[in-house]
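What follows is a set of notes on a single structure, which appears directly below.
Every read-out reported here was derived from the displayed coordinates using simple, explicitly stated rules and does not represent laboratory data. Please read these numbers as outputs of a predicted model, since none were measured by experiment. Cβ atoms come from the backbone with ideal geometry, glycine included; neighbour counts cover every protein chain shown.
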Amino acid sequence: MKARDAKRKRLVDTYAAKREELKKAGDYTALQKLPKNSCKVRMRNRCKLTGRPRGYMRDFGISRVTFREMVLFGLIPGVTKSSF
């Protein structure tokens, strides 16, 4: 899944300018002929370490489960658990 998401990111970056140009021109038939995965909406935020799609924390780029483990081991500076 992580590889598939990376492939989508590459396609989005490749076709971003062309998609924007076609949208401004209003040429929707040519827009439909582009790859489906080149659309930015199909991207999914995933944990950088585990690839988990749910519970993603944008500030850190990881899932809540990974975040909790890293905080408990002291791997994220400035973040502590509120009670032990």
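DSSP loop trypsin sites (Lys or Arg not before Pro) in the stretch 14-84 with at most 16 other Cβ atoms within 10 Å of their Cβ, which ones?
Values: sites: Lys18, Arg19, Lys23, Lys24, Lys33, Lys36, Lys40, Arg42, Arg44, Arg46, Lys48, Arg54, Arg58, Arg64, Arg68, Lys81; in loops: Lys33, Arg44, Arg46, Lys48, Arg54, Arg58, Lys81.
Passing sites in the stretch 14-84 are Lys33, Arg44, Lys48, Arg54, Arg58, Lys81.
So if we plug the beta-carbon distance of Thr80 and Lys36 into 1/(1 + (r/R0)^6) with R0 = 25 Å, what FRET efficiency do we get, rounded to 0.05?
Taking R0 as 25 Å, the efficiency between Thr80 and Lys36 is 0.05.
Tell me the mean residue ellipticity at 222 nm calculated for the chain from its helices only (DSSP H runs of n ≥ 4, each -39500 (n - 2.57), averaged over every residue, nearest 500).
-14000 deg cm²/dmol
Past the 30 Å Cα-Cα mark, which pairs from Lys2/Lys33; Lys7/Lys81; Lys9/Lys81?
Lys7/Lys81; Lys9/Lys81
Which value, in debye to the nearest 20, gives the size of the charge dipole of the chain about its Cα centre, when Lys and Arg are +1 and Asp and Glu are -1 at the Cβ?
With Lys and Arg at +1 and Asp and Glu at -1, about 340 debye.
Consider the candidate values (1) 18.1, 59; (2) 13.9, 46; (3) 13.7, 52; state which one is Rg and Dmax of the Cα atoms in Å computed from the structure displayed.
Recomputing Rg and Dmax of the Cα atoms in Å here picks out (1).
Tell me the label-point distance for the pair Val71, Arg10, using the 7 Å Cα-to-Cβ offset, in nm and rounded to one decimal.
Taking the simple label geometry, Val71 and Arg10 are separated by 3.6 nm.
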